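The block underneath contains the structure these notes are about, expressed in structure tokens.
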Amino acid sequence: MTGTSVAPRRQSRQAIRIRERRRGRVRLVTAISASTAVLMVAAGGWLYFEFDGDIDSFGAEGLSKNRPAAGFGGQNVLVIGSDSRSGDNARMGGGGDDFGRSDTAFLLHVYGDQKHAVAVSIPRDTLVDIPSCRLPDGTWTAPQSNAMFNSAFSVGRTAKGNPACTQNTVEKLTGLRVDHTVVVDFVGFSKMTSAVGGVNVCLPNDVYQGDLNPNLGSKGRLIFPKGPRTVSGQEALDYVRLRHGIGDGSDIGRIKRQQAFVASLIKKVKGQGFDPTTLLPLADAATKSMTVDPGLDSARKLLSFAMSLKDVDLHNTKFVTLPWRYQGNRVSIVHPDADALWEAIRNDRTIDGQNARGKQDDKPPAPTTATPSPVSGSGIDVAVHNGTTTPGLAARAAEMLKGSGFTVTGTANSRSHQGAATVVSYGSGQRDHAQTVARLFPGAELRPSGTPGITVILGQAYAAAPAGPAPTTPAPAPTAVPTQVAGTARSADDDVCSNLSYG
């Protein structure tokens, strides 16, 4: 009996010791887990603190007081590449003035469904109206007409540039509200490409030192052999800034390669995993040389915005260029193609006309204009030229204009025949009045001119239109952009060697 009673007691003590050891291990694991969690939170907080200290932001006081209404469901982000030679940027881009200059810019629209996006490149030589902009001393400039787009960034001639002025200009140009603006300089761009381990690009032909630097005076050594390659750092910067030796040697030509580069960068980041582990090294590189609007002025806000893009499909990420044509050695905007593009974006329609509003689809689009009203030309002087072979056309248009209150200063036959579209040309400071005139000529193109005043040059479309007053209500919002715009779009999943040059 005694032997049998000892065994259970020993088994009981052994079970107690096992349970105590298990409880001890549980407490140890719990303590280690808790300590690790605390350390991770502390490290994360430290990282955010470190990143926040690197981010520069520009003040909202420079933004226009008369901004477009907020969009229906998507977001608009203006991305500006600055080629300032100040600070560390000098060794990457050569010498020159030390004030900020805009080398490239595009407006990224992320649709309401967060599965589609489109980036619209704005050529830097595009002739636009620059609204009043704030100077460093707090005063405001007079508005400019027929000015190059990239000159907006240089208003005030400060080292960091004037992103608020560029944002104001884009809002006036597009009629879209810009939700965020991001400026990246040479150093930031170089570091970002290195942070992702390089970006896959392609060259349509061999490129030499003399192509990169036309002042070299010789062909120089081969720096980019024809075909695909991976670039980072200075080499990546040279690739996107290269103009000569490929295509027509213009800024328009290199826009194609810049679009291909950004598409490849997005593809690389998504391929590595769109999560904080992947994004933190990229954020570390970007924030050291980035200027943002107040809405993105912390690492947490930047990371949150980046994570909101994780579901955007590569094939549904499109790149297009603002519809353009050469005007001498500058670039003018093609209307109404550009207007159709902005209208589609405003209504969260993809470039092929699909509805991409997402969860807010059951709500009606925000109105883009006030209730249509008759055109009033009071106080507006207009000259009318017949750009067709149809006799009496200028007189017919003149009577229509007079009936709406315009003052017709004269009629004449144009020295050269106009194409299909009617053109409304306007001098400095006359764009708003020209837009009023254009309402009477559906499909008319607005064209800035060095000649003062407003002139209507009638095209074949007007000759073919029935006589009588033109409709006073705006045309219905287009459901898709013109095929000449959509047909040239690049997707982020396109072959890196395709469609690299204009011309």
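When you scan segment 443-461, do you find a residue that is open to solvent by 60 Å² or more (accessible area, probe 1.4 Å), of a type in the set (Asp, Glu) and under 24 Å from residue 131 (Cβ atoms), even just one? Taking every residue of segment 443-461 in turn, none turns out to be open to solvent by 60 Å² or more (accessible area, probe 1.4 Å), of a type in the set (Asp, Glu) and under 24 Å from residue 131 (Cβ atoms).
Select, from 271, 245, the only residue that is open to solvent by 30 Å² or more (accessible area, probe 1.4 Å), free of Cβ contacts under 8 Å to residues at least 24 places away in the same chain and either within 22 Å of residue 495 (Cα to Cα) or in a strand (DSSP E or B) (or both). Before you say what the answer is, go through the steps one by one.
Working: 245 fails: free of Cβ contacts under 8 Å to residues at least 24 places away in the same chain.
Criteria check complete, one pass: 271.
Within segment 299-335, the set of residues being assigned to a loop (DSSP other than H, G, I, E, B) and either touching a His at 6+ places or on another chain (Cβ under 6 Å) or crowded, with 18+ Cβ neighbours inside 10 Å (or both) comprises 309, 312, 316, 322, 323, 334, 335. Only one entry of 171, 235 meets the criterion of being open to solvent by 30 Å² or more (accessible area, probe 1.4 Å), modelled with pLDDT of 90 or more and either part of a loop (DSSP other than H, G, I, E, B) or not aromatic (Phe, Trp, Tyr) (or both), and that entry is 235.
For segment 132-157, the set of residues classified as more than 19 Å from residue 448 (Cβ to Cβ), of a type outside the set (A, V, I, L, M, F, W, C) and not in a loop (DSSP other than H, G, I, E, B) consists of 134, 154, listed by residue number. Evaluated against (1) more than 12 Å from residue 482 (Cβ to Cβ); (2) small (Gly, Ala, Ser); (3) surrounded by 15 or more Cβ atoms within 10 Å (Cβ to Cβ), residue 338 falls short on exactly one condition, (1).
Contact map, segment 294-318: first residue hydrophobic (A, V, I, L, M, F, W, C), second residue modelled with pLDDT of 85 or more and open to solvent by 40 Å² or more (accessible area, probe 1.4 Å), Cβ cut-off under 8 Å, separation 6 or more or different chains; pairs are 296/57; 309/114; 312/114; 312/115; 314/266; 314/267; 314/270; 314/493.
Listed residues 293, 284; which is acidic (Asp, Glu) and within 19 Å of the chain's Cα centre (by Cα)? Spell out how you get there, then give the answer.
Numbers: 284 fails: within 19 Å of the chain's Cα centre (by Cα).
Just a single option satisfies the conditions, and that option is 293.
Within segment 178-191, is even one residue closer than 22 Å to residue 498 by Cβ and open to solvent by 20 Å² or more (accessible area, probe 1.4 Å)? No, because not a single residue in segment 178-191 is closer than 22 Å to residue 498 by Cβ and open to solvent by 20 Å² or more (accessible area, probe 1.4 Å).
Those residues that are over 15 Å from residue 444 (Cα atoms) and surrounded by 13 or more Cβ atoms within 10 Å (Cβ to Cβ), I need them from segment 384-393; list them, please.
Taking segment 384-393 and keeping what is over 15 Å from residue 444 (Cα atoms), we get 389-393.
Residues satisfying the conditions are 390, 393.
Checking 146, 162 one by one, the residue that is surrounded by 16 or more Cβ atoms within 10 Å (Cβ to Cβ) and in contact with a Gly (Cβ under 6 Å, 6 or more places away or on another chain) is 162 and no other.
Residue 502 meets each of the listed conditions (1) modelled with pLDDT of 60 or more; (2) part of a loop (DSSP other than H, G, I, E, B); (3) under 30 Å from residue 328 (Cα atoms) apart from (1). If you filter segment 103-131 down to residues that are in a strand (DSSP E or B) and small (Gly, Ala, Ser), you find that the one that is surrounded by the most Cβ atoms within 10 Å (Cβ to Cβ) is 105.
Name every residue in segment 394-442 that is touching a strand residue (DSSP E or B) at 6+ places or on another chain (Cβ under 8 Å), open to solvent by 50 Å² or more (accessible area, probe 1.4 Å) and either free of Cβ contacts under 8 Å to residues at least 40 places away in the same chain or of a type in the set (Phe, Trp, Tyr) (or both), in order of residue number. Selection gives 395, 402, 407, 411, 413, 435. Within the span defined as segment 197-204, one or more residues are more than 16 Å from residue 236 (Cβ to Cβ) and surrounded by fewer than 20 Cβ atoms within 10 Å (Cβ to Cβ).
Restricting attention to segment 132-143, which residues are surrounded by fewer than 20 Cβ atoms within 10 Å (Cβ to Cβ) and within 21 Å of residue 180 (Cβ to Cβ)?
Our first condition is that a residue be surrounded by fewer than 20 Cβ atoms within 10 Å (Cβ to Cβ); within segment 132-143, this holds for 132, 135-143.
Within segment 132-143, no residue meets the criteria.
The single residue among 431, 415, 439 that is basic (Lys, Arg) and modelled with pLDDT of 85 or more turns out to be 439.
Listed here are the residues, each with its yes/no results for (1) closer than 30 Å to residue 234 by Cα; (2) modelled with pLDDT under 85; (3) not small (Gly, Ala, Ser).
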{"residue": "47", "(1), (2), (3)": "yes, yes, yes"}
{"residue": "60", "(1), (2), (3)": "no, no, no"}
{"residue": "73", "(1), (2), (3)": "no, yes, no"}
{"residue": "90", "(1), (2), (3)": "yes, yes, no"}
{"residue": "95", "(1), (2), (3)": "yes, yes, no"}
{"residue": "98", "(1), (2), (3)": "yes, yes, yes"}
{"residue": "135", "(1), (2), (3)": "no, no, yes"}
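Contact map, segment 144-165: first residue touching a residue at least 24 places away in the same chain (Cβ under 8 Å) and closer than 15 Å to residue 185 by Cβ, second residue assigned to a helix (DSSP H, G or I) and among the polar types (S, T, N, Q), Cβ cut-off under 6 Å, separation 6 or more or different chains; pairs are 153/166.
The values are calculated or read from the model by the stated rules, or taken from the named source; none is laboratory data. Since the model is a prediction, treat every value here as computed from it, not as a measurement. Ideal geometry is used to build each Cβ from the backbone, glycine not excepted, and the neighbour counts take in all protein chains shown. What goes into the accessible areas is simple: the full protein's heavy atoms, side chains included, and nothing from ligands, DNA or RNA. Shrake-Rupley method; radii C 1.70, N 1.55, O 1.52, S 1.80 Å.
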